[in-house]
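Okay, structure first, notes after.
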Amino acid sequence: MLNLSQFRRIMGIPLLWGVTTLFMVVPTTVDGASLAECRDRYFLISTDLNLTGNFSWFEVVDNGVHKLEANYAAECGYTLSNFNAKGFLVLRVSYFACHVENKGDAEFTLRYQIVKLDERGKKTAHPSEITCKLDRDWKPREVLCEENYMEVSVRRNISRLSQSAATKNWDVVPSGDTRLSEWQVLIKRSNYEPILLSVEEARSQGYVVTSTPHRIVFRSPYNKTLTEIQMVSGIEVETISATAVFRQNWVLVMIETVPACAINSGTFNGSRLTWTVPRIMRPLAQSPSKFEDKALLMGVNGQIVDRATMNTLDYKLDIYGLYLTVSVPLWAIGGVYKSRVINNQCSSRYTTQLYLQHLWADDMFEETEHRSFRLVGTPYIVRRSFTINQTILEEHAFTVYLGNFPYDVDLTAVNLNGEPFTVVEAIQSGYPITKVPHFNGTHAYVIRVPFEDSIVPKLHLGEGFLQFSLDINYTLNIMPQENPYYHSASITAQRNDYFPPGFNGVCTEKGIIFKMDHKKLGYLWEVSIGDHPLTPELAAQRGYILLNDSQKFTIEVPLFTSGYIYEDINLRQFFGTFEIVSRDRRTRTIAETTAKRCLFRTTELTVCAPGGEVTVVTSTRTTLPTVNPWQTTLFDKACKPKDSDETRVLFTFHVNTCGTRVMVNSNYLTYENEVIFNRNIIPAHQPVTRNSELRHTVHCYYPIHDTVRLQTDRKFLEEPQVPGVGSVIKTFRKEHGQSDVSSIHNGVVRGSESEDFEILTKEEYNSSFPYMPVVGVTIALFGTLLAAFIKMRC
């Protein structure tokens, strides 16, 4: 196989690579919707059907108006191209076409009009004209192989007439025919007698023979009665053996006007579209030994392509002995597509119009220029959509590329993580979508979605890693028929600089203060106390104090409010621990835990632990005279203090022991016991004593659902999962008299969180169970104690 450079070296052909086009282009707009251009040897007129409407057509105007029906157009040199860009109707007109005004074979004028038919059937004509001047001289013979016709033009003053093959036809021309004073056309066919037709007779059969100031033109549509198919080097070639005959003074002139065009289809091998034609086109050239190649050019859609462009676009023009081959890659620029949806995928049929221009010389003509247009196409091919994750983490946004699509596919909608948007709505909502054109006529789309947008789910992976997720469902439409199909993509991105909020805890005499610096994407995290989100409502309900500004968040947790855990309780001190949890707001998984353990001084308290263990520290100084703390007991007198000093006692017992009583209502179990001091009366028949009576009632309230299940004796079968709520009611009897004095639910403490209760009065407590803890340790009854002391002194 010879490439072009080898062919040039061997044959010495001055190939015309340096020029992009060999014609003058003068674009002219018509009615804002159409364009008229001067091309090499023809007019090019196109109209945008999107503006003029699908019911539009061309008409040619001279002394009358001629509508370009298919047969008439082929006979007269007009081609309504089947190859055109999206929504355009394209017309190519030979300079030698009917109704074209010709001035000296150098200037040509076409008058035409575009007719539109509206919905009411009204016609509107938009007349126009275009004049083109020849940019390069005519060759002695030029052959044009259009989509729908063959045309040959020959210079009239053939200097080597005596050597022309037309001289072989002299004997078939009737010497006595009176019509020889006029133009005639002699047509020969294999195995048939020659036919001599007048211009009018030829025209009536669809053939046009005409004379211009310097040339003779013959034109024939394809597949006519008098055309023939010949095999040239194994390739089908359609031709018609036509000879123009006329008298010039006393001389009978016969000029061969034979066109010949390869009519074989192009081929597609999966990656390239190729068209192969005979290098020596018989019957135009009869003697291969005297055949000389002079120039070889290729193009697409009638546009000559220079060598640099060919290399860039991977166009190829090769010579294989007796064959010329032109090929382009699949989806090459200059082609057009027709798409449809097959199995939810866009499938396109690609078509390109190859152009081949071959200049040669032989023993019959000085030079022949042969120009051919050939449509080459593919079957429907799946155009697989694809996405490219172009996200740059530093930009804090997803960037997703979707491509590549032919011009007749549009993106109409997107669904982002379940939220539907049209393209316009997405852009207005802060998700820009950009259409990206490519040099080969395809295009793509790029969408951007900020990481921090509420539509994007975030997942904390630990150790500072935060994952962002974006599920996209694209809706694409094939236009103009609006056939939809869909493409999905899932994109994730991770950054390692996102940490959940961390608190610093500080111990105070009255509780614990937690502080936290605000961080980016703080809304991703939920601060909780146990399972309960920390909200202003929860803080107000439990007595937490919240402070929040632009830089810091502070929560003050007073001692004995809900959420504390108490350990190592003795009469001097105890440890209180409070825990704050940071959770992933979406998954509710714990991302960070901050616990602060502080040492507090013990005064009075009641702790109802989750396992049913009760710890009570209470004062014995509420009586006058005071009682001996070590002599106090619970209901079960065998239950003695765990520790005691001069004024306080510490009891630790389980709710299933020490004579603890249990009461049930619809929601709670209430366990009751008492810290008791019994007086010694001497003698028994004469009740005289100097001791006071002490009775401190201890209550623990446990939600029934946290005790799991009960036996009939109402003891714990399994331990509750949360602590209970405790209270102490202090009751004592003075030495003289019968008055009772009681405190109000004193010293209520919970080990951690539990349900909240309303504060009830003593009367309400007697009729139901008081489940709201009283915050604080001791409520001293100073007025009552002072009155009792004064009376004793008196």
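The values are calculated or read from the model by the stated rules, or taken from the named source; none is laboratory data. These figures come from a predicted structure and were not determined experimentally. For neighbour counting, all protein chains shown are included, and Cβ atoms are generated from backbone atoms with ideal geometry for every residue, glycine included.
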**Fill in**
Only one of (1) at pLDDT 90 or above; (2) surrounded by 19 or more Cβ atoms within 10 Å (Cβ to Cβ) does not apply to PRO406, and that is (1)
**Prompt:** Would you call SER164 outside the structural domain of ASP62 (by TED's automatic domain parsing) and at pLDDT 95 or above?
**Reply:** no
**Message:** Being surrounded by fewer than 19 Cβ atoms within 10 Å (Cβ to Cβ) and in contact (Cβ under 8 Å) with a residue 40 or more places away in the chain is the filter here; which residues of the range 443-455 pass it?
**Reply:** HIS443, VAL446, ARG448, PRO450, GLU452
**Message:** I'm trying to understand the selection: among the residues of the range 421-442, which are touching a residue at least 12 places away in the same chain (Cβ under 8 Å), loosely packed, with under 13 Cβ neighbours inside 10 Å and of a type in the set (A, V, I, L, M, F, W, C)?
**Reply:** PHE439
**Prompt:** So, of the residues in the range 627-647 that are in a loop (DSSP other than H, G, I, E, B) and polar (S, T, N, Q), which turns out to be nearest to THR697 (Cα to Cα)?
**Reply:** THR632
**strands (runs of 3 or more DSSP E) wholly inside the range 503-577 containing at least 2 residues that are buried (at least 18 other Cβ atoms within 10 Å of the Cβ), out of contact with any Asp or Glu (no Cβ under 6 Å at 6 or more places or on another chain) and modelled with pLDDT of 90 or more** = 511-517, 525-529, 552-558, 564-567
**Complete:** Restricting attention to the range 456-469, the residues that are crowded, with 16+ Cβ neighbours inside 10 Å and among the hydrophobic types (A, V, I, L, M, F, W, C) number exactly 4
**Residue list for the range 263-289, restricted to those being among the small types (Gly, Ala, Ser), surrounded by fewer than 22 Cβ atoms within 10 Å (Cβ to Cβ) and either assigned to a loop (DSSP other than H, G, I, E, B) or touching a strand residue (DSSP E or B) at 6+ places or on another chain (Cβ under 7 Å) (or both)** = SER265, GLY266, GLY270, SER271, SER287
**Asked** Does the range 589-597 contain at least one residue that is assigned by TED's automatic domain parsing to the domain that holds PHE560 and in a loop (DSSP other than H, G, I, E, B)?
**Response** yes
**Prompt:** Take the residues of the range 607-629 that are of a type in the set (Ser, Thr, Tyr) and out of contact with any helix residue (DSSP H, G or I) (no Cβ under 8 Å at 6 or more places or on another chain): which is surrounded by the most Cβ atoms within 10 Å (Cβ to Cβ)?
**Reply:** THR618
**Request:** Would you be able to say whether some residue in the range 68-83 is part of a loop (DSSP other than H, G, I, E, B), more than 18 Å from ILE114 (Cα to Cα), hydroxyl-bearing (Ser, Thr, Tyr) and at pLDDT below 95?
**Result:** no
**Complete:** How many residues of the range 610-639 are at pLDDT 85 or above and within 59 Å of the chain's Cα centre (by Cα)? The answer is 1
**Message:** What are the pairs with Cβ atoms under 6 angstrom where one residue, in the range 664-688, is in the same structural domain as LYS637 (by TED's automatic domain parsing) and assigned to a strand (DSSP E or B) and the other, located anywhere, is exposed (fewer than 14 other Cβ atoms within 10 Å of the Cβ) and modelled with pLDDT of 80 or more? Sequence gap at least six, or different chains.
**Reply:** THR670/MET663; GLU672/ARG661
**Message:** Given the options GLY377, GLY418, name the one that is of a type in the set (Gly, Ala, Ser) and surrounded by fewer than 16 Cβ atoms within 10 Å (Cβ to Cβ).
**Reply:** GLY418
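Yes/no matrix, rows are residues, columns are (1) within 13 Å of PHE468 (Cβ to Cβ); (2) part of a strand (DSSP E or B); (3) touching a Lys or Arg at 6+ places or on another chain (Cβ under 8 Å):
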| residue | (1), (2), (3) |
| --- | --- |
| GLU425 | no, no, no |
| ASN440 | no, no, no |
| ILE447 | no, yes, no |
| ASP453 | yes, no, no |
| VAL456 | yes, no, no |
**Asked** Filter the range 327-342 for residues that are modelled with pLDDT of 90 or more and touching a Gly at 6+ places or on another chain (Cβ under 9 Å); which is surrounded by the most Cβ atoms within 10 Å (Cβ to Cβ)?
**Response** VAL328
**Item:** Tabulated pairs, the range 497-520, first closer than 14 Å to ARG597 by Cβ and in the same structural domain as PRO558 (by TED's automatic domain parsing), second of a type in the set (Phe, Trp, Tyr) and assigned to a loop (DSSP other than H, G, I, E, B), C-beta under 8 angstrom, 6+ apart or interchain
**Value:** PHE514/PHE503
**Request:** State all residues of the range 106-128 that are of a type in the set (D, E, K, R), in contact (Cβ under 8 Å) with a residue 40 or more places away in the chain and exposed (fewer than 15 other Cβ atoms within 10 Å of the Cβ); if no residue qualifies, say none.
**Result:** ASP118
**Request:** Only residues that are in contact (Cβ under 8 Å) with a residue 40 or more places away in the chain and out of contact with any Phe, Trp or Tyr (no Cβ under 9 Å at 6 or more places or on another chain): list them for the range 625-636, please.
**Result:** PRO625, THR626, PHE635
**Request:** Determine if the range 199-221 includes at least one residue that is without any contact (Cβ under 8 Å) to a residue 24 or more places away in the chain and buried (at least 21 other Cβ atoms within 10 Å of the Cβ).
**Result:** yes
